[in-house]
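Accompanying notes for the structure given below.
The values are calculated or read from the model by the stated rules, or taken from the named source; none is laboratory data. Quick caveat, the model's predicted, so the values are computed rather than measured. FYI the Cβ positions are ideal-geometry reconstructions off the backbone, even for glycines, and counts take in every protein chain you see.
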Amino acid sequence: MNNIINAFLLVYAALFPIVNPVGSAPLFLRMTRDRSDADRAVLASGVARYSFFLLLGSLFIGSHVLEFFGITLPVVRIAGGLVVAAFGWQLLHTPEDTAEEREKRNSQSSSQIDAFYPLTMPLTVGPGSISVAVTLGSQRPAGAAADLTQLAILGGAAVAGLAAIALTIFICYRFADRVVALLGTRGTDVVMRLSAFILFCIGIQIIWNGGSALLARPA
């Protein structure tokens, strides 16, 4: 049971700061300001659905694609852990005007807004989120440790973590006006700074796991 909970929390905690649904809610609200409340609900549902499947594919297929090119899992874990830790460190020191910078990169007229582009990619799920999902996917045990029942249970817990991320995206986007009013600028920043520190710690742990696996391999 502890392993199931840990798998769920690991996926959710690692992806939440990068996906950043709370921080992206104000931008989503601004980009859909000319849409009706019903249209905004449809867009929020579409973004959550697309985000789930993008992250699901990255989680379960991404590491196998890397293996196809001859990259071993311990190396993937070290490299991915560095990416995760770097993202966490960057988020810890990100200035508060990040939303404005992202808006400039993704600005379009409201009539051109689509649930997949740019609301899902790159606003919600970008290269950072995909990199984190691939790295988490590489954490699955292999070889003698790969008990099929255990893998199925842990895989289900990971999928549940992705579903929780998708649900969080939907709630934050669907009720973006209320989220912004509830947290305010300072509250949103505090939540993201704490999440960024957790992400940095997760990255260091993944690096440690990859390094330990490399050192344990026979010469």
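At a glance:
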item: Those residues of the range 29-51 which are crowded, with 20+ Cβ neighbours inside 10 Å and within 19 Å of Ala164 (Cβ to Cβ), in sequence order; result: Ala44, Val47, Ala48, Tyr50, Ser51
item: In the range 1-25, the residues that are at pLDDT below 80 and either within 19 Å of the chain's Cα centre (by Cα) or not in a helix (DSSP H, G or I) (or both); result: Met1, Gly23
item: Count of the range 85-114 residues which are at pLDDT below 75 and part of a helix (DSSP H, G or I); result: 14
item: Tally, over the range 167-219, of residues that are under 19 Å from Ala38 (Cα atoms) and of a type in the set (Ser, Thr, Tyr); result: 2
item: Selection within the range 30-51 - among the hydrophobic types (A, V, I, L, M, F, W, C) and either without any contact (Cβ under 8 Å) to a residue 12 or more places away in the chain or within 15 Å of Tyr117 (Cα to Cα) (or both); result: Met31, Ala38, Val42, Leu43, Ala44, Val47, Ala48
item: Candidates Arg40, Arg30, Arg35 - the one that is part of a loop (DSSP other than H, G, I, E, B) and out of contact with any Leu (no Cβ under 6 Å at 6 or more places or on another chain); result: Arg35
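Yes/no matrix, rows are residues, columns are (1) in a loop (DSSP other than H, G, I, E, B); (2) over 19 Å from the mean Cα position of the chain (by Cα); (3) modelled with pLDDT of 85 or more:
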residue	(1), (2), (3)
Phe116	yes, no, yes
Leu123	no, no, no
Gln150	no, yes, no
Ala158	no, no, yes
Leu183	no, yes, no
Thr188	no, no, no
